[in-house]
Amino acid sequence: MIFELLWRDYFRFMMKKHRNKFFLQTGIKDSSQPINKHDAKKLKTWIDGKTGSDFVDANMIELKLTGFMSNRGRQNVASYLCNDLKIDWRYGAAYFEQQLIDYDVCSNWGNWAYLAGVGNDPRGQRYFNIDKQADDYDKDRSYRKLWLNQVDI
């Protein structure tokens, strides 16, 4: 818990330092990741949990139905949006802003910029192997079964 509070405070200080740069596509690094032309259909499949990646989809359904998603889930779905779908990370940050019940502007935009490779990260772009993450964190598939079996999402 202390570690997460430190991250929250860190992002608050970064937001004070960089201000509006956190909301730019190029982030605080003035660099951008390759993105496709905006594809509203792909974005909608991500939002609706219908990407075909069961771990991503389960997390997005949980977010849609509850307003919550674990930190691990947030990192995975952000990586998927930025790296696999190559959609501008700011759409994801804005959607989380709308959905999350524990929304915090500094943590949300700071983490999204970090995962898009335009925030605070000396290694650059963050890519999560979604299948490996699912195997590591949901080996028995109980999380995916729970959320993928929801009716009328």
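Okay, here's what the table says:
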item	result
The chain: Rg to Rh, with Rh as the Kirkwood radius over Cα pairs	0.96
Neighbour-count order for 3, 22, 128, fewest beta carbons within 10 angstrom listed first	3, 128, 22
Exposed-site-free run, longest, the chain (rule: trypsin sites (Lys or Arg not before Pro); DSSP loop; at most 11 other C-beta within 10 Å)	38-122
Per-residue Cβ neighbour rank within 10 angstrom, fewest leading, 146, 5, 100	5, 146, 100
Links that overshoot a 23 Å alpha carbon limit, given the list 17/42; 64/86; 16/64	17/42; 16/64
Relative contact order of region 1-87, pairs being alpha-carbon contacts under 8 Å that are 6 or more residues apart, as %	23 percent
Mean residue ellipticity (222 nm) of the chain, computed from DSSP H runs ≥ 4 via -39,500 (n - 2.57), nearest 500	-16500 deg cm²/dmol
Neighbour-count order for 79, 142, fewest beta carbons within 10 angstrom listed first	142, 79
Value of relative contact order over the chain, rounded to a whole percent, pairs C-alpha under 8 Å and six or more apart	28 percent
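Coordinate-derived values only; no laboratory data. Nothing here was measured: the structure is a model prediction, and the numbers come from that model. We place every Cβ from the backbone using ideal geometry, glycine too, and count neighbours over all the protein chains shown.
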